[in-house]
Amino acid sequence: MTATTTDLKITWEKLPDDFILEEQPLQNIDQPLLAAALREILEIAGLILEGTLVAPNLGICATLDNKLVIKAPDLFYARNVQSLSSQEIRRSYTPNLEGEIPAVVMEFLSATSYDEYSNKPTYPPGKWFFYRQVLRVPIYALFEPAAGVLEVYQLDSSGDYQIQQPDLNGRYWIAGIGLFLGVWQGTKAERTGYWLRWWDESGEMLLWGAEMVERERQRADRLAAQLRAAGMEPEA
């Protein structure tokens, strides 16, 4: 599958089975925690259906002028993705060949971040150029966890990323998922700080599994207290 943008020839080819992927250490422990937290909410909410790929740190492939380019965002969400056989393990994802262009790509910035904003067109291209000019991802989200700063860019009709303004609640509508994305401060597991969270159209924050368990426990405690106040002992 081939496309051309300006003078760049883009070919969508699957990663060869014998291709050796470079193993790069994570920049910090926050990245996998943030990605897992976002994915957990989508799974609990029933938004990861058959053909949906929500993947952290998985290489997205494109071949530019016969040179393979692989970028591994901290998280992306794609639909209509071909399923693999039970014997296969997904090592990468090639849009337009295996499924749709990701609806959203996210990068979690570190103190040394640079490539996430790089518009370098020469090989190997910067991430900004790759997501905008090659993949044409509709939404590109950049999150700086230490400061809790979220930037959301949307691809316009001319093919440029335009920074979006949040709504009155400080959240951004992600059309490809059907949820709002925003920043929340608190503790999950061993990490206290800023997190990205999902909200539905009504403004209700979608909960993590542990939060749902705690909410049910509190409801049960309130009900037990009401029964005792009425002179009844709740069942064990």
Open item on the list: Of the conditions (1) in contact (Cβ under 8 Å) with a residue 60 or more places away in the chain; (2) out of contact with any Asp or Glu (no Cβ under 8 Å at 6 or more places or on another chain), Arg79 satisfies every one except a single condition; which number is it?
Closed with: (2)
Open item on the list: Considering only the range 89-96, I want to know if a residue exists there that is at pLDDT 95 or above, under 21 Å from Glu107 (Cβ atoms), crowded, with 20+ Cβ neighbours inside 10 Å and out of contact with any Phe, Trp or Tyr (no Cβ under 6 Å at 6 or more places or on another chain).
Closed with: yes
Task: Which listed residue, of Lys127, Lys188, is at pLDDT below 95 and under 19 Å from the mean Cα position of the chain (by Cα) - done: Lys188
Open item on the list: Please determine whether any residue of the range 25-47 is in contact with a helix residue (DSSP H, G or I) (Cβ under 8 Å, 6 or more places away or on another chain) and loosely packed, with under 13 Cβ neighbours inside 10 Å.
Closed with: yes
Task: Selection count where residues are open to solvent by less than 70 Å² (accessible area, probe 1.4 Å), in contact with a strand residue (DSSP E or B) (Cβ under 6 Å, 6 or more places away or on another chain) and free of Cβ contacts under 8 Å to residues at least 60 places away in the same chain, scope the range 59-70 - done: 4
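For the range 25-45, indicate whether the set of residues that are part of a loop (DSSP other than H, G, I, E, B), closer than 22 Å to Ser118 by Cα, at pLDDT below 95 and not polar (S, T, N, Q) is non-empty.
Filtering the range 25-45 for residues part of a loop (DSSP other than H, G, I, E, B) gives 25-29, 45.
Then keep just the ones that are closer than 22 Å to Ser118 by Cα; that gives 25-28.
The next check asks that each one be at pLDDT below 95; those that pass are 25-28.
The next check asks that each one be not polar (S, T, N, Q); those that pass are 25-26.
The answer is yes; a qualifying residue exists.
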- [ ] Inspect the range 63-82 for any residue being part of a loop (DSSP other than H, G, I, E, B), among the hydroxyl-bearing types (Ser, Thr, Tyr) and modelled with pLDDT of 95 or more and give the result as yes or no.
- [x] no
- [ ] Any residue in the range 7-34 that's closer than 23 Å to Val134 by Cβ: show its pairings with residues that are basic (Lys, Arg) and modelled with pLDDT of 90 or more at Cβ separation under 7 Å, as long as the two are six or more apart or on different chains.
- [x] Leu15/Arg91; Leu21/Arg91
Task: Any chance Ser85 is closer than 25 Å to Ile163 by Cβ, polar (S, T, N, Q) and open to solvent by 10 Å² or more (accessible area, probe 1.4 Å) - done: no
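The values are calculated or read from the model by the stated rules, or taken from the named source; none is laboratory data. Just so it is clear, the model here is predicted, and its values are computed rather than measured. Every residue, glycine as well, gets a Cβ built from its backbone with ideal geometry; the counts of neighbours run over all protein chains shown. In case anyone asks, the SASA skips ligands and DNA or RNA and just uses the protein heavy atoms, side chains included. Shrake-Rupley method; radii C 1.70, N 1.55, O 1.52, S 1.80 Å.
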